[in-house]
Amino acid sequence: MAYLQMSILSQSLMRTVPVNVILPVDKLVFPGMPPREEKPYKTLYLLHGVFGSHIDWINGTNIQRWAEENNLAVIMPAGENMFYVDLEASHNYYGEFIGRELVDMTRKMFPLSRKREDTYIAGLSMGGYGALRNGLKYHETFGCIAGLSAAAIIDDIDKRTDDVPVFIESRQYLESIFGDLSKVEDSDKNPKWLARKLAAGNAVLPKIYLACGLQDFLLSKNQDLQNYLKELGYDVTYDEMPGGHDWDFWNCQIKKVLDWLPLEGRQAGISSGNVGI
């Protein structure tokens, strides 16, 4: 399994951004098994949560092994604590970076499929919000979207105050990310607004996977979101299971996401995990 750590200069952000890549180009198969057909790889753009970075998914889950088994390329960018949205005042066009620039650049760099049906976006918590927002906004690029414990915080964002124990929940901080909070609900920073606008048109709707732990503080918001999307006519797969807002839950769920995606089918390769077999 090729695991690449790189930095790219982003025009959308006007700075260098770390990106990690899983690319199964060096996969070895067991004797007698057919090699993979030479063709571009299906690709998952995978977003981390708040306080995290581009190394989170590698450190917290088995995504590297499961990506290799499924012949799936995985692109994991650094998103800081910026919620993957665009803010003109600070030239933080994270939505444009995730939804357009990163896809275009990695397709030039690696043998990735350019087909919508082979291109997916997913994330956890803040990254779950980012996957939904950008998967819907750039629906012509992404055929499937997955949000795990998605930070569905837009409905009441204008009611936030600064009297909170954690800075990322404060009104002041959210204004630095989203701008005028009174305008967020009816804008492309709201996944519900994007979903409603998309459903009203003639576009092909992306398929959506949502999951949340039964002990997660975001459970009710994810339940509401999946009901809202289903009422609009989206093909939504929703999963609840015991668990909190933690890596045990996300490790289990990213495996379920890969099982849900229309991938090639699992085929284990030769690695240090099966020496002597």
Condition first: part of a loop (DSSP other than H, G, I, E, B), surrounded by fewer than 23 Cβ atoms within 10 Å (Cβ to Cβ) and either more than 13 Å from the chain's Cα centre (by Cα) or of a type in the set (Asp, Glu) (or both). Can you find one or more residues in segment 93-104 that meet it?
no
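Would you confirm whether or not segment 117-136 contains a residue that is without any contact (Cβ under 8 Å) to a residue 60 or more places away in the chain and over 13 Å from the mean Cα position of the chain (by Cα)?
Pass one, segment 117-136, residues without any contact (Cβ under 8 Å) to a residue 60 or more places away in the chain: 134.
After this cut, where a residue has to be over 13 Å from the mean Cα position of the chain (by Cα) as well, the list is none.
Taking every residue of segment 117-136 in turn, none turns out to be without any contact (Cβ under 8 Å) to a residue 60 or more places away in the chain and over 13 Å from the mean Cα position of the chain (by Cα).
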Mind checking which residues of segment 15-49 are part of a loop (DSSP other than H, G, I, E, B), modelled with pLDDT of 95 or more and out of contact with any Gly (no Cβ under 6 Å at 6 or more places or on another chain)?
40
May I ask you to list pairs of residues, at least six apart or on different chains, whose Cβ atoms are under 9 Å apart, with the first in segment 59-74 being of a type in the set (Phe, Trp, Tyr) and the second being assigned to a helix (DSSP H, G or I) and surrounded by fewer than 18 Cβ atoms within 10 Å (Cβ to Cβ)?
66/255
Matching residues in segment 113-152 (surrounded by fewer than 20 Cβ atoms within 10 Å (Cβ to Cβ) and either out of contact with any Lys or Arg (no Cβ under 9 Å at 6 or more places or on another chain) or hydrophobic (A, V, I, L, M, F, W, C) (or both)) number 1
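Provide a single number: the residues in segment 177-202 that are in a helix (DSSP H, G or I) and touching a helix residue (DSSP H, G or I) at 6+ places or on another chain (Cβ under 8 Å).
Taking segment 177-202 and keeping what is in a helix (DSSP H, G or I), we get 177-178, 181-183, 191-200.
Narrowing further to those that are touching a helix residue (DSSP H, G or I) at 6+ places or on another chain (Cβ under 8 Å): 178, 181-182, 191-192, 194-195, 198.
Matching residues across segment 177-202 total 8.
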How many of the residues in segment 27-61 are surrounded by fewer than 16 Cβ atoms within 10 Å (Cβ to Cβ), over 21 Å from the mean Cα position of the chain (by Cα) and within 17 Å of residue 264 (Cβ to Cβ)?
10
Members of segment 179-217 that are at pLDDT 95 or above, touching a His at 6+ places or on another chain (Cβ under 7 Å) and among the aliphatic types (A, V, I, L, M)
198
Name the residues in segment 196-229 that are within 25 Å of residue 115 (Cα to Cα) and free of Cβ contacts under 8 Å to residues at least 60 places away in the same chain, would you?
196, 197, 199, 200, 201, 202, 229
Given (1) over 16 Å from residue 139 (Cβ atoms); (2) of a type in the set (Phe, Trp, Tyr); (3) part of a loop (DSSP other than H, G, I, E, B), index of the condition residue 234 fails
(1)
Go through (1) within 21 Å of residue 143 (Cα to Cα); (2) at pLDDT below 95 and name the single condition residue 277 misses.
(1)
Residues that are in contact with a strand residue (DSSP E or B) (Cβ under 6 Å, 6 or more places away or on another chain), under 30 Å from residue 62 (Cα atoms), surrounded by fewer than 17 Cβ atoms within 10 Å (Cβ to Cβ) and free of Cβ contacts under 8 Å to residues at least 60 places away in the same chain: does segment 256-271 have at least one?
no
Which residues, taken from segment 1-26, are under 25 Å from residue 265 (Cα atoms) and in contact (Cβ under 8 Å) with a residue 60 or more places away in the chain?
1, 3, 21, 23, 24, 25
Is it the case that some residue within segment 122-133 is in a strand (DSSP E or B) and among the aliphatic types (A, V, I, L, M)?
yes
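Working only within segment 200-231, note down all residues that are loosely packed, with under 15 Cβ neighbours inside 10 Å, of a type in the set (A, V, I, L, M, F, W, C) and over 26 Å from residue 172 (Cβ atoms). Step through it out loud before you land on a result.
Kept after step one, since they are loosely packed, with under 15 Cβ neighbours inside 10 Å, are these residues of segment 200-231: 200-204, 214-215, 217, 220, 224, 227, 230-231.
Within this subset, residues satisfying the condition of being of a type in the set (A, V, I, L, M, F, W, C) are 200, 203-204, 214, 217.
Within segment 200-231, 200, 203, 204, 214 meet the criteria.
The values are calculated or read from the model by the stated rules, or taken from the named source; none is laboratory data. Predicted model, so just to flag it, every value in this text is computed and none were measured. Don't worry about glycine lacking a Cβ; one is built from the backbone with ideal geometry, like all the others, and counts go over all protein chains shown.
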